[in-house]
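Have a look at the structure below before the remarks.
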Amino acid sequence: MKLAFIGVGKVGFALANNFQKSGHEIIIAHDDVTSHSVLRAQERNPSFQAFPIQDAINRADVIFLATPFNSNETLLKPLDFGNKILVDCTNPVGAGISHGLESKISGAEKVQEWTSNAKVVKSHTIYGFENLENPVFPNYSVKPVMLISGNDVNSKATVNTLNADLGFETLDVGDLSQSLHLEHMTLLWVKMVRVNGHHPNFTWAYLER
Ligand SMILES: NC(=O)c1ccc[n+]([C@@H]2O[C@H](COP(=O)([O-])OP(=O)(O)OC[C@H]3O[C@@H](n4cnc5c(N)ncnc54)[C@H](OP(=O)(O)O)[C@@H]3O)[C@@H](O)[C@H]2O)c1
């Protein structure tokens, strides 16, 4: 598939690089195609092409959003997503690793509000970028689980397939309003690892009997 990435920093590059290695075509979406992060990503993976954001969206099958959450409203409102899937990898993080929207609504629902013609799926947010760079756990017979949420079943099925290409088992936790709970899982992971010293390569797994 053609995958466009708005944001190719720690999260965006890790995902884009692994998707490219698994056979997908990567387009970087940035209105300044000479920005430092775009050039750095192309230096690390010369197969990445860069286009202005709307052009990149028009060319892509699926778009990934991996920007600082505070950029999203201004960035997203003018864009036309043409009813394509927008995978929201962003997290609203507030002071002291709190929920940036005071837990009143999820960031993903705000992203949906700002992009009325995108099919938003929340994914790739419950871990730090380290597990997106390397999701392989060879000593275990289960795969790391990726929890996703969204309102459109077909879009979630596509994200499920893409996640499998990266090595994740996908668990669909429900509609987009469930994203609030995923964003709290993020805060838990971030506090455990970045504050309390847990290992950055630990993931959640889904076991069912
Ligand atoms: N870091 C983690 O471990 C982690 C894990 C899961 C989720 N997240 C979430 O993922 C998001 C990205 O985090 P990150 O750590 O990858 O951030 P980062 O390394 O700072 O990268 C941010 C990227 O967004 C781009 N960007 C910012 N404004 C833009 C705009 N208007 N148009 C196009 N691109 C724009 C930046 O490009 P330029 O600077 O070149 O403009 C850069 O490529 C955040 O919402 C974060 O909460 C982070």
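General remarks:
- DSSP finds beta bridges in the chain, and of those with both partners inside it, around 15 percent are antiparallel.
- Taking every DSSP helix (H) stretch of at least 4 residues in the chain, weighting each as -39,500 (n - 2.57) and dividing the sum by the residue count yields a mean residue ellipticity at 222 nm of -9500 deg cm²/dmol.
- Two-decimal Rg to Rh for the stretch 121-164 - Kirkwood Rh, Cα set: 1.00
- Between the listed residues 52, 182, 33, the Cα displaced farthest toward the positive end of the dipole of the chain, a dipole computed from Cβ unit charges relative to the Cα centre, is found at 182.
- Prolate/oblate/rounded label for the stretch 83-190 (Cα gyration tensor, a/c 1.5): oblate
- Fully extending the segment from residue 165 to residue 153, taken as 0.36 nm per residue of separation minus the present Cα-Cα distance, adds 2.4 nm.
- For the stretch 150-209, the spread of Cα positions along the three principal axes, ordered from largest to smallest, is 38, 25, 25 Å.
- Between the stretch 1-56 and the stretch 65-109, the C-alpha centres lie 19 angstrom from each other.
- Residue ranges 153-159, 3-9 sort as 3-9, 153-159 when ordered by packing (mean number of other C-beta atoms within 10 Å per residue, highest first).
- Cα pair distances exceeding 13 angstrom across the stretch 1-64, given as percent: 52 percent
- Choice from 78, 144, 52 showing the highest fluctuation, given a GNM over the chain with Cα pairs closer than 10 Å: 78
- Low-density loop positions, chymotrypsin sites (Phe, Trp or Tyr not before Pro), the stretch 85-144 - DSSP coil, at most 15 other Cβ in 10 Å: 140
- Just checking the listed ones, 82, 174, 197: in the Gaussian network model of the chain with Cα springs under 10 Å, the one fluctuating most is 197.
- Gained length - residue 34 relative to residue 208, 0.36 nm times residue gap less alpha-carbon distance: 57.9 nm
- Calculated over the chain, the projected area of the Cα convex hull averaged across directions stands at 11.6 nm².
- For the chain, a simple Cβ point-charge model (Lys and Arg +1, Asp and Glu -1, everything else neutral) yields a dipole of about 340 debye relative to the Cα centre.
- For the stretch 1-109, GluC sites (Glu not before Pro) meeting the loop criterion (DSSP other than H, G, I, E, B) and having at most 10 other Cβ atoms within 10 Å: 102.
Coordinate-derived values only; no laboratory data. Note that the structure is a prediction, hence the values are computed from the model and not measured. Here the Cβ is made from the backbone with ideal geometry for all residues, glycine too, and neighbour counts use every protein chain on show.
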